[in-house]
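S.K.: Supplied in structure tokens, the structure appears directly below.
The values are calculated or read from the model by the stated rules, or taken from the named source; none is laboratory data. Everything numeric in this text was worked out from a predicted model, so none of it was measured. Here the Cβ positions follow ideal geometry from the backbone for every residue, glycine too, while neighbour counts run over all protein chains shown. Heavy atoms of the whole protein, side chains included, go into the accessibility calculation; ligands, DNA and RNA do not. Shrake-Rupley method; radii C 1.70, N 1.55, O 1.52, S 1.80 Å.
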Amino acid sequence: MLSARSLFQEILDNDESFRLFCSIAASGESQGGWENARIAALVPPSERGLAPKITRHGADEDKHGRIFHALLRKRGLAPVPVPADTDYTMILERHGIGLAHDRLRADRPLTVPDIVAYLAHSRVTEQRASEQVGLLRRYFAGHPDVGRAVRMISADEDRHLAYCHEELLRFAAAGHGRTIQRTLRTCALAEIRIYRDVSLAVMAHMGRILGWPRARSALLASGIHAVYAYERAAGWRRMVSLRMPEHRNPLGGPATPAPEFA
């Protein structure tokens with residue numbers, strides 16, 4: 001029977017598919033770490049109090065990248081180049097979601113609207129990350145090889161999402177509410193389309209590695225299209241709502257260190 005659990009298990013059990021999975025994940029996390037580090041360095045003077053939280057966010061993402069590389073080393077595997085059609089983070093940037101990398105490479109301070117745009121983009125993408133890693137945690141929290149990593153990354157992603165809620169609500173109270181809602185909607189509608197395309201690409205690469213029959217690949221593709229149809233009709237709304245997190249100041253401390261993997 002085809003299920004999310006059996007699909008992930010098949011990917012984990014094969015060295016080549018596991019290598020691609022970890023390489024894609026590590027690349028995206030490392031890119032997120034760089035982006036947050038640059039944003040923290042360029043925060044406008046009026047928002048310097050936000051810089052430590054952005055730095056913490058970036059440190060967490062860097063840590064996640066190191067964790068995925070450590071999982072590869074544990075199995076005696078080296079990372080592989082990430083296929084361009086699976087590079088979620090770079091595809092988002094090319095479509096104008098978030099702050100452009102050229103802007104982040106410049107040594108000009110960001111503006112408050114830039115920070116609002118960054119937080120709105122993060123609110124959407126952290127929703128996706130929280131859900132995806134939460135699914136892995138549901139099925140593999142007790143896995144001897146990846147369980148500890150999945151639990152740590154999932155807890156971090158939940159904190160990142162809570163931080164975005166908290167800071168966007170603060171900016172909304174300061175008069176940026178309309179801009180926030182408009183930016184969230186634009187980001188969410190673009191993200192669900194890009195997520196669909198990247199998911200199709202990842203499954204195509206995995207299918208070639210694992211030798212899936214055409215019928216199975218077609219079934220997975222139809223499932224991805226069905227998810228997109230739901231998200232386009234109504235599901236995107238979960239990505240644009242804002243609520244104050246139960247635990248305030250979720251990024252108000254240093255990043256937890258990455259675990260050692262023997």
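S.K.: Can you pull out every residue in the stretch 81-94 that is part of a loop (DSSP other than H, G, I, E, B) and either open to solvent by 40 Å² or more (accessible area, probe 1.4 Å) or within 26 Å of L184 (Cα to Cα) (or both)?
M.R.: P81, V82, D87
S.K.: Can you go through D107, D102, D158 and tell me which one is in a helix (DSSP H, G or I) and surrounded by fewer than 19 Cβ atoms within 10 Å (Cβ to Cβ)?
M.R.: D102
Rundown of residues vs (1) in contact (Cβ under 8 Å) with a residue 40 or more places away in the chain; (2) over 21 Å from A221 (Cβ atoms); (3) not in a helix (DSSP H, G or I), yes/no style:
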residue	(1), (2), (3)
L2	yes, no, yes
S6	no, no, no
L20	yes, no, no
A25	yes, yes, no
G28	yes, yes, no
Q31	yes, yes, no
N36	no, yes, no
A40	no, yes, no
S46	yes, yes, no
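S.K.: Let me ask something else about it. Does the stretch 211-248 hold any residues that are open to solvent by 70 Å² or more (accessible area, probe 1.4 Å) and assigned to a loop (DSSP other than H, G, I, E, B), and which are they?
M.R.: P213, R243, M244, E246, H247, R248
S.K.: Confirm whether D13 is acidic (D, E) and without any contact (Cβ under 8 Å) to a residue 24 or more places away in the chain.
M.R.: Here the answer is yes, as D13 does meet what is asked.
S.K.: Counting only residues that are open to solvent by 60 Å² or more (accessible area, probe 1.4 Å) and over 17 Å from the mean Cα position of the chain (by Cα), how many does the stretch 177-210 have?
M.R.: The total comes to 7.
S.K.: Could you list, in sequence order, all residues of the stretch 27-80 that are surrounded by fewer than 19 Cβ atoms within 10 Å (Cβ to Cβ), closer than 18 Å to A106 by Cβ and of a type in the set (G, A, S)?
M.R.: A37, A41, A51
S.K.: Is it true that some residue in the stretch 45-66 is touching a Phe, Trp or Tyr at 6+ places or on another chain (Cβ under 9 Å) and within 13 Å of I153 (Cβ to Cβ)?
M.R.: For the stretch 45-66, residues touching a Phe, Trp or Tyr at 6+ places or on another chain (Cβ under 9 Å) and within 13 Å of I153 (Cβ to Cβ): present.
S.K.: Out of all the residues in the stretch 146-154, is one or more within 13 Å of the chain's Cα centre (by Cα) and surrounded by 16 or more Cβ atoms within 10 Å (Cβ to Cβ)?
M.R.: As a first pass, look at the stretch 146-154 and keep what is within 13 Å of the chain's Cα centre (by Cα): 153-154.
Then drop every residue that is not surrounded by 16 or more Cβ atoms within 10 Å (Cβ to Cβ), which leaves 153-154.
Yes, the stretch 146-154 has at least one match.
S.K.: Regarding Y230, is this residue on the phi < 0 side of the Ramachandran plot and touching a helix residue (DSSP H, G or I) at 6+ places or on another chain (Cβ under 9 Å)?
M.R.: no
S.K.: Sort through R108, R103, R137 and tell me the only one that's without any contact (Cβ under 8 Å) to a residue 40 or more places away in the chain, under 27 Å from E47 (Cβ atoms) and not acidic (D, E).
M.R.: R103
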